[in-house]
Structure formats: structure tokens, C-alpha cells
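Step one of this worksheet: look at the structure below.
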Amino acid sequence: MTSLLESLTALSAEPALYYALAAVFVAGTVRGFAGFGGAMLFMPFASFLFEPRLAVVAFFIIDAITALPLVWNAFRHWDRATVLPCVLGGWAGVWFGAYLLATTDQLLLRWVICMIIVLLVGLMLSGWRYTGRPKASVSLGVGGVAGVLGGVSQVAGPPVVAYWISGPANPQVIRANLITFFFLGSLGSAAAFTANGVFTAQSTGLALWFAPFYGLGLFLGARVFKGSNETLFRRVAFGMILVAAVTSLPLLDPVLRH
């Protein structure tokens, strides 16, 4: 307990904390509205302000805990027939992504990831829509791609967002699918973090600072979603994928990363 209190006090003296609190509020608002995207917005900025592993673990803690009310509601609307295969594919893909992360040239990997995201955005902006019923085999493959990207770069969202938003489902189901997918996928991350001993007093202290601001953002974002229409929802989703592509560009490392 003493160590946690010391961490909370030490963090309060860091000027970077107050910039991060504003950023985590914005990230929570986006997450509450769209069902995804909080990490895409927050992590490049947070990794500039704090040691990346500390920022990743702190954000994981607050997202897993404060998003639980969203998950509870999402379970009333999700399409389990397409989400569960995506989750299984994601659990498998993340291990391959971690292997690539450890063995492949990182600059090349990041350029490939950016190009994949840009191509997905181009496909969606072309007006193409998938009108059939999603097949389990396709869902498994999409989840696998998301898992690989998550293992390599922590940007797992674009493949599943592109998959569901180009289909016939309404925004409520799409949002519920995304919330459920990321919640179930986070169970694997929790196991990996625990096994590697990355939960520390410092990361927990940072999470405690973040939690009320992120939670308020989630609440406001969810309220805005209830009054939105399908066009607004899809535009926000497109914008979030573009943010993921831009913030992943190696050219922006001097600005967004240490």
C-alpha cells in the first residue's frame, strides 16, 4: 500500500500527468461513442509522455475495468455467431504477431501495417458493402489478422471495424460486437501481462489517476451515441481508422514517440 501511495504522490508532481489526463478523457469519449479507438488515440501520445510499457499497462487496467458497464449492455446486442470466431482468431493471431515482433525488421512491419490500414479505409470509402451473412471462416480469418496486428503494434481494431462496418448490421450491433470482441480479447492480454509481471505499483498508480477521467469520457461518449445516426457513426469509425494509420507512420516517430 505504501508503495502505491508513493507512486500516486510522485506522479502528481509530473507535469506530463496533466496532459495525459486531458488525452485520456478524449480517448474515453471516443471509446464510449464508437466502442473502440481509445487506445488508437491515447497510446501514441501517452508513449511520448511516459515509458511505453507503463502507459500500455495503465491504459489496459482502466479500459478493462471502466468499460465493464459497456460490456454488460453490449451482451444484449452482440452477434455471437460472428464475434466468437473473431475472438478465437484473435487469440491465435496475437501469438504469431508477437513472434513477428521479435524476429522481423520493425520498420518494414510498421510500413506494411500502415498500408493495410490505408487499403481498408479505401475499400470502405469506395462504397463497397458486404450484404451477406458473415461466415465463421471469414470471421476467424479477420480475427486472426486483427490478432497479428495487435501482437505487432497494439493496433488490432481496423480489420474487425472494416469487416463489420462494411456489412449489413446496424450501428448498435456493430458497436456491441466491437466492445465484446475487445473485452474477450483482453482476457488473453491479462493472462500475458500477469505471466510477465508487468503489473506494478507505478502502473496501478497511473491507472488510478486516469480512471475517473476515462470513466467520465466513456459515460459522455455513450450518451452521444444514443442520439447519433448511422452516417455519423460510420464517419467516426472511418476517422478512427485513419488516425490509426497516421499515428503508426514511422515518419512521425520524432513527433509521437521518444
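The values are calculated or read from the model by the stated rules, or taken from the named source; none is laboratory data. Computed from a predicted structure; not experimentally measured. Neighbour counts run over all protein chains shown; Cβ positions are idealised from the backbone, glycine included.
Kindly establish whether V155 is of a type outside the set (G, A, S), surrounded by 20 or more Cβ atoms within 10 Å (Cβ to Cβ), modelled with pLDDT under 75 and within 20 Å of V236 (Cβ to Cβ). So V155 passes the test.
For region 28-43, the criterion of being within 22 Å of L178 (Cβ to Cβ) and charged (D, E, K, R) is satisfied by at least one residue.
Yes/no matrix, rows are residues, columns are (1) surrounded by fewer than 22 Cβ atoms within 10 Å (Cβ to Cβ); (2) assigned to a loop (DSSP other than H, G, I, E, B); (3) modelled with pLDDT under 80:
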{"residue": "I117", "(1), (2), (3)": "no, no, yes"}
{"residue": "G122", "(1), (2), (3)": "yes, no, yes"}
{"residue": "W128", "(1), (2), (3)": "yes, yes, yes"}
{"residue": "G132", "(1), (2), (3)": "yes, yes, yes"}
{"residue": "S137", "(1), (2), (3)": "yes, no, no"}
{"residue": "A146", "(1), (2), (3)": "no, no, no"}
{"residue": "P159", "(1), (2), (3)": "no, no, no"}
{"residue": "G167", "(1), (2), (3)": "yes, yes, yes"}
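Selection of region 217-229 for residues being exposed (fewer than 12 other Cβ atoms within 10 Å of the Cβ) and charged (D, E, K, R) yields only K226. Across region 226-240, the qualifying residues are those that are in a helix (DSSP H, G or I) and over 18 Å from the mean Cα position of the chain (by Cα), and the one among them that is nearest to S3 (Cα to Cα) is K226.
Only a single item in (1) under 30 Å from A136 (Cβ atoms); (2) within 14 Å of the chain's Cα centre (by Cα) is not met by G93, and it is number (2). The condition of being outside any loop (DSSP other than H, G, I, E, B), at pLDDT 75 or above and within 19 Å of the chain's Cα centre (by Cα) holds for F183.
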